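Here it is, the structure, as structure tokens.
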Amino acid sequence: RVLIEKSPPNLLRFRFLQEVFPGASCVAVLRHPIAVAYATQKWSKTSIPSLLEHWLTAHERFAADQPLLKNVLEVRYERLVADPETTVGALEQSLGLPPHPPETKVEAGSNGRYFERWRTESQRLVRGLQLRRAARRLEARANEFGYSLDELS
């Protein structure tokens, strides 16, 4: 039997969840922090620089927890949308699940609209200055996770 709970805050609860559910596997899906910030802003009403800082802090805490976790898999969102069948297949195999091809069409370019918004807003006078300052301040931390706030792709 497989139960799935996909709330993003669970990234910080994996240690607790593995204590409460011994033998449970946890899957962390990492997505570019700019895309996550813009997607989250719709309901959080928080600034993009603050949301980027939040993403980094949460993922740094997750990274610190990893040595204490037993069954954790990491999936890059960008790889998942680029090649869903292979990525889901590898995930199923790692979890000991039978193969089950994805049933829904995956939108491969969803990060693109957020990157374009970042580029456009970065050119504005006041807001752009805030975004550019945040990018400079947070770039090295984003790089630790394989992402860049300067070079978007």
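Work through the residues other than Pro99 whose Cβ is under 12 Å from its Cβ and net out their charges, Lys, Arg +1 and Asp, Glu -1.
-2
Let me ask something else about it. Just tell me which lysines come within less than 18 Å, Cα to Cα, of Lys70; anything on the same chain fewer than 8 places away is out.
Hits, sequence-local ones excluded: zero.
Highest mean first, how do 79-90, 99-110 rank when packing is the count of other Cβ atoms within 10 Å averaged over residues?
79-90, 99-110
For the stretch 1-121, what does the accessible surface come to per residue with a 1.4 Å probe? Please give it in Å².
64
Right, another one. Show me the ranking of peptides 19-30, 50-61 by mean Cβ neighbours inside 10 Å, starting with the highest.
Per-residue Cβ counts within 10 Å, averaged per peptide and sorted highest first, yield 50-61, 19-30.
Provide the descending list of Cα extents for the stretch 66-153 along its principal axes, expressed in whole angstroms.
The Cα atoms of the stretch 66-153 stretch 53, 35, 15 Å along the principal axes, largest first.
Residues with beta-carbon under 13 Å from that of Lys42, excluding Lys42: net charge, scoring Lys, Arg +1 and Asp, Glu -1? Intermediate values should be presented prior to the final figure.
Details: positive: Lys45, Arg113, Arg117; negative: none.
Counting the neighbours of Lys42, the net charge comes to +3.
Using a basic spin-label model with each label point 7 Å from the Cα along Cα→Cβ, how many nm lie between Thr120 and Ala63?
Reported label-point gap for Thr120 and Ala63 is 3.2 nm.
Let me ask you something else. I'd like the carbon and sulfur percentage of the solvent accessible area for the chain, probe radius 1.4 Å, heavy atoms only, ligands and nucleic acids excluded.
Ligands and nucleic acids excluded, carbon and sulfur give 56 percent.
A further question on this structure: Please turn the phi angles of the stretch 87-100 into ³J(HN,Hα) values with the Karplus equation 6.51 cos²θ - 1.76 cosθ + 1.60 (θ = phi - 60°), one per residue in order, whole Hz, x for glycine and proline.
These are the phi-based 3J(HN,Hα) values: 5, 5, x, 5, 5, 4, 4, 4, 8, x, 9, x, x, 8 Hz.
Suppose R0 equals 22 Å; then what is the FRET efficiency for Asp150 and Ser47 from their Cβ-Cβ distance, rounded to the nearest 0.05?
Numbers: r = 19 Å, r/R0 = 0.86.
Step by step, r from the Cβ atoms, then E = 0.70.
Work out from phi, with θ = phi - 60° and the Karplus expression 6.51 cos²θ - 1.76 cosθ + 1.60, the ³J(HN,Hα) of each residue of the stretch 5-17, listed in order in whole Hz, and give x for Gly and Pro.
Coupling constants for the stretch 5-17: 10, 10, 5, x, x, 5, 3, 8, 10, 4, 4, 4, 4 Hz.
For the chain, what does -39500 (n - 2.57) per DSSP helix run (n ≥ 4), summed and divided by total residues, give at 222 nm, in deg cm²/dmol to the nearest 500?
Calculated at 222 nm, the ellipticity per residue is -17500 deg cm²/dmol.
Something else: Counting Lys and Arg as +1 and Asp and Glu as -1, what is the net charge of the other residues whose Cβ lies under 9 Å from the Cβ of Leu131?
+3
Moving on. Hey, what did the stretch 27-153 get for relative contact order, percent, Cα under 8 Å, at least 6 apart? Intermediate values should be presented prior to the final figure.
On the way: 97 pairs, mean separation 36.8, N = 127.
Worked out over the stretch 27-153, it gives 29 percent.
Please give the Cα centre distance for the stretch 5-57 versus the stretch 86-153, rounded to the nearest Å.
Each part reduced to its Cα centre gives a spacing of 13 Å.
OK, next. Tell me which lysines have Cα within less than 28 Å of Lys45's Cα, excluding those fewer than 8 residues away on the same chain?
Qualifying lysines at Cα under 28 Å: Lys6.
Here is a further query. So if each residue of separation counts as 0.36 nm, and I subtract the Cα-Cα distance between Leu12 and Val106, what length gain in nm does that give?
Gain in length upon complete extension: 31.2 nm.
The values are calculated or read from the model by the stated rules, or taken from the named source; none is laboratory data. All figures in this text were calculated on a predicted structure; none of them were measured in a lab. FYI the Cβ positions are ideal-geometry reconstructions off the backbone, even for glycines, and counts take in every protein chain you see. For accessibility, only protein heavy atoms count, side chains too; no ligands or nucleic acids. Shrake-Rupley method; radii C 1.70, N 1.55, O 1.52, S 1.80 Å.
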